[in-house]
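Participant: I am attaching a structure below and will ask some questions about it afterwards.
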Amino acid sequence: MVKNHRLASSIHDASWNRFIQLLSYKAESAGLSVVKVDARNTSKECSNCGNIQEMPLSERTYICQRCGMSKDRDINASINILKRATPGQRESHAQGENRQYVPTGNANGLDELRTDKTHPLRDAAIA
């Protein structure tokens, strides 16, 4: 059905809407929330200075023509998405801040991320 150009857009929209519903439900049950972000120009915008420049999809490294910053295109886009999702916040668990890897030796190979109780920013906010 996706090959039918008249239906393809609405089918993809319905699939993304269902995915967001499921993700929101799981996040809420874990005490978290889902933030929708407009991803337009996230791979074309410099995560350092905000300059937007055209780039072909074949170009995998973002090199800013204004400030000279160089990053992998996908990492640059992910930083821009994180900034849009967390305006004004100082940190986010999205990059593993305030988390530590704890090998559990679990037989099925699953290990855990646990909250680091001694994180300096968290302790400063409590004090």
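Participant: Return the residue satisfying two criteria in turn: it lies in segment 1-32 and is among the hydroxyl-bearing types (Ser, Thr, Tyr) and either assigned by TED's automatic domain parsing to the domain that holds CYS64 or at pLDDT 90 or above (or both), and of such residues it is nearest to the chain's Cα centre (by Cα).
Facilitator: Looking at residues that are among the hydroxyl-bearing types (Ser, Thr, Tyr) and either assigned by TED's automatic domain parsing to the domain that holds CYS64 or at pLDDT 90 or above (or both), I get SER24.
Participant: Of the conditions (1) surrounded by fewer than 12 Cβ atoms within 10 Å (Cβ to Cβ); (2) touching a residue at least 40 places away in the same chain (Cβ under 8 Å), VAL37 clears all except one; give me its number.
Facilitator: Going through the list (1) surrounded by fewer than 12 Cβ atoms within 10 Å (Cβ to Cβ); (2) touching a residue at least 40 places away in the same chain (Cβ under 8 Å), VAL37 breaks only (1).
The values are calculated or read from the model by the stated rules, or taken from the named source; none is laboratory data. All values reported here derive from a predicted model rather than from experimental measurement. With ideal geometry, Cβ positions are generated from the backbone for all residues, glycine too; neighbour counts draw on all protein chains shown.
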